[in-house]
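Worksheet for the structure shown next.
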Amino acid sequence: MKRKAIVTGITGQDGAYLSKFLLEKGYEVYGVVRRSSHFGVADHRLRWLGINNDINVIDGNLSDLSSLIRAVAQVKPDEVYNLAAQSFVASSWQQPVLTANITAVGVANMLEAVRIAAPEARFYQASSSEMFGKIQEAAQSETTPFYPRSPYAVAKLYGHWITVNYRESFNMHASSGILFNHESPLRGIEFVTRKVTDAVARIKLGLAMELKLGNIDAKRDWGHAKDYVVAMWMMLQQDQADDYVIATGRTTTVRDMCRIAFTHVGLTMDDYLSIDPNLFRPAEVDILLGNPEKARKTLGWEPSTTLEEMITEMVDADLARLTAK
């Protein structure tokens, strides 16, 4: 029989790539999707990957435990991947309660649904490098203390620790992936990498004249989402559940990431980039750099895409999108 997987956040970047990967592995994939009159718009990432007709969609909402119990009871999954969240850091200052309800308490709801309706299922929680925040070590590993610097990061930290608690309290196979920044052509336009690649494409095509950013000296450890979803799956194939940092081990400034994008299309970054003080965060995370040694040794996971390859792929995809319009 085919293995079954439930994916929350299936219409997001990671959900789409993970679903494609699972389908290629022979899984039946079920996506828990909150009711919306705009699903035909929301599933554009699944359509972009050509898998929209291969997904089984179930109505559900992380804020509604009863809907999650029904979904899990209906599917009886072998694996559950909880990727849904209010995932935009900047918005979390404007919507802190919503972020807490979905990104934090929603994890407890999903874990409780699995505990009640499918206790043998293996559970994956999407934790975040933002939990490290004001970093306590130069390279962050599974043992680095957390110091969250945004409502989003605080909510993610609750989701992370409640997953650990359910693993230890109920003997559930529940793992967390502490994923550092991971991008792709499917990234939302509100995230800095996609904001940059879309603007570079527009400038190249004569559709824009400027790229406005905030703190371009912030450093991030960027990888490709299609590599990172493989690590999620690998975690649930282990005999013992555990938590893993997933990262490239390389950090780059936003400034240098921009330079890669502009150089790819033959433009000089300084001619088009301007700094907008309104785009600075209330509390900045200056640098994130992951230490993925545990994932390499235990899972055998390695990133396969460089930052340069990823950014040029994203610029080319945005050029193609804009040209098609």
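Name every residue in the stretch 107-152 that is part of a helix (DSSP H, G or I) and hydrophobic (A, V, I, L, M, F, W, C), in order of residue number. Val107, Ala108, Met110, Leu111, Ala113, Val114, Ile116, Ala117, Met131, listed by residue number. The stretch 1-98 holds no helices (runs of 4 or more DSSP H) entirely within its bounds that carry 2 or more residues that are among the acidic types (Asp, Glu), in contact with a Cys (Cβ under 6 Å, 6 or more places away or on another chain) and surrounded by fewer than 23 Cβ atoms within 10 Å (Cβ to Cβ). If you check Val254, Val245, Val230, which single one turns out to be under 30 Å from Ala324 (Cβ atoms), touching a strand residue (DSSP E or B) at 6+ places or on another chain (Cβ under 7 Å) and either assigned by TED's automatic domain parsing to the domain that holds Glu79 or modelled with pLDDT of 95 or more (or both)? Going through Val254, Val245, Val230 in turn, just one is under 30 Å from Ala324 (Cβ atoms), touching a strand residue (DSSP E or B) at 6+ places or on another chain (Cβ under 7 Å) and either assigned by TED's automatic domain parsing to the domain that holds Glu79 or modelled with pLDDT of 95 or more (or both): Val254.
Scanning the stretch 285-301 for residues that are surrounded by fewer than 22 Cβ atoms within 10 Å (Cβ to Cβ), in contact (Cβ under 8 Å) with a residue 40 or more places away in the chain and either in a helix (DSSP H, G or I) or of a type in the set (D, E, K, R) (or both) yields Asp286, Glu293, Lys294, Thr298, Leu299. The condition of being at pLDDT 95 or above and not assigned by TED's automatic domain parsing to the domain that holds Thr144 does not hold for Leu279. Going through the stretch 71-101 one residue at a time, which ones are of a type in the set (D, E, K, R) and either without any contact (Cβ under 8 Å) to a residue 40 or more places away in the chain or on the phi > 0 side of the Ramachandran plot (or both)? Result: Lys76, single match.
The values are calculated or read from the model by the stated rules, or taken from the named source; none is laboratory data. The model shown is predicted, which means the values in this text are computed figures rather than measured ones. All Cβ positions, glycine included, derive from the backbone under ideal geometry; neighbour counts span all protein chains shown.
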